[in-house]
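Read through the structure below, which is laid out as structure tokens, and then see the notes.
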Amino acid sequence: MDKDKQESSIGLQEIGLSLDELVKRGARQIVQQAIEAELALLLAQYENVRTLHGHKAVVRNGYLPERDILTGAGPVAVRVPKVRDRCGNGVKFNSVIAPPYIRKSPRVSAALPWLYLKGISTGDMEGALQVLLGEDAKGLSPNVVSRLKTQWSDEHRQWDQRDL
């Protein structure tokens with residue numbers, strides 16, 4: 001009975017939200033749960049490692065600053081946990097789902113060359129992505145797209161001159 005009350009109260013809180021907002025909330029929740037599961041796996045791996053005083057050697061130590069990752073569902077805020085290695089063995093937690101410094105999901109990064117090849121100009125790229133990903137699509141200024149075009153040209157030149 002309590003579970004039914006809990007489910008209905010969760011549903012009442014979400015009334016009035018747009019579909020996009022519900023998707024973003026769900027995506028954030030799932031990503032956060034997956035990152036926490038990654039951390040639990042790392043902590044379980046070092047469960048039996050102890051300091052000289054008998055304390056656990058690897059423990060949770062708060063979170064890194066929250067950051068937005070641009071995904072196909074729009075920007076998703078992510079909080080990656082930190083760990084503390086009390087023995088100084090260099091144990092550090094790096095999430096596979098949200099690696100350090102990543103700002104765009106691989107799928108969004110793959111969409112940029114496709115949009116360019118379809119004729120979207122450098123200046124219109126940000127507007128096109130805002131239509132696709134929402135008003136919060138940031139970090140894709142004309143300068144960023146120009147830098148990516150230079151990188152793609154270099155990669156194409158290397159591919160074209162490879163040894164067959």
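The values are calculated or read from the model by the stated rules, or taken from the named source; none is laboratory data. Keep in mind the model is a prediction, meaning the values are calculated, not measured. As a convention, Cβ positions derive from the backbone with ideal geometry for all residues, glycine included, and neighbour counts pool all protein chains shown. Side chains are part of the model used for accessible areas, which takes the heavy atoms of the whole protein and leaves out ligands, DNA and RNA. Shrake-Rupley method; radii C 1.70, N 1.55, O 1.52, S 1.80 Å.
Some values worked out for this structure:
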quantity	calculated
Matching residues in the stretch 41-71 - criterion: being in contact with a helix residue (DSSP H, G or I) (Cβ under 9 Å, 6 or more places away or on another chain) and polar (S, T, N, Q)	THR71
Qualifying position, being of a type in the set (D, E, K, R), open to solvent by 40 Å² or more (accessible area, probe 1.4 Å), without any contact (Cβ under 8 Å) to a residue 12 or more places away in the chain and at negative phi, among GLU47, GLU36	GLU47
Residue that is farthest from the chain's Cα centre (by Cα) [pool: residues in the stretch 50-78 that are open to solvent by 40 Å² or more (accessible area, probe 1.4 Å), farther than 28 Å from SER105 by Cα and in contact (Cβ under 8 Å) with a residue 12 or more places away in the chain]	HIS55
Exclusive hit being modelled with pLDDT of 80 or more and more than 22 Å from LYS24 (Cβ to Cβ), set VAL80, VAL91	VAL91
Test: GLY74 is in contact with a helix residue (DSSP H, G or I) (Cβ under 7 Å, 6 or more places away or on another chain) and at positive phi	yes
